Amino acid sequence: MKLSEILHSIDEEAKEGLINLEDWRWPDIDHLATMGFKFMDDHHMQTEKSPKMVIYKKKDKDEKTGKQTSYFYVEEPKKPTKRFAAFNDVIDFFDGYRQPELEKNM
């Protein structure tokens, strides 16, 4: 990949509002790594096992205030993207997440 392609890619991601993983809180990254998420690129983390889930953080317009706010997004195959205002909401989501493969073994 050429340097110009890399710079163009970085510029496009910044325009989309994606927040670099280096700018996330370390405890959030550590929590996701403990759950089995791996670094996909500079802005996304993904699970290694199915279902392949992707999490990222980006700035988006708040519907109520109209201001730019940071949100966490979780993408799963064949399901709508979920948006969370705080990392604790992400934790709550995963705490209640059904895992049929694990439930069969119990």
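The values are calculated or read from the model by the stated rules, or taken from the named source; none is laboratory data. Values in this document were obtained by computation on a predicted structure and should not be read as measured data. Note that each Cβ is placed from the backbone with ideal geometry, even for glycine, and that neighbours are counted across all protein chains shown.
Can you pull out the residues in the range 50-63 that are more than 14 Å from GLU75 (Cα to Cα) and either within 10 Å of the chain's Cα centre (by Cα) or part of a loop (DSSP other than H, G, I, E, B) (or both)?
ASP62, GLU63
Kindly check whether there is at least one residue in the range 28-37 that is on the phi > 0 side of the Ramachandran plot and at pLDDT 90 or above.
Looking for residues that are on the phi > 0 side of the Ramachandran plot and at pLDDT 90 or above, one finds at least one in the range 28-37, hence yes.
In the range 64-78, what count of residues is obtained for those that are surrounded by 14 or more Cβ atoms within 10 Å (Cβ to Cβ), assigned to a loop (DSSP other than H, G, I, E, B) and β-branched (Val, Ile, Thr)?
0
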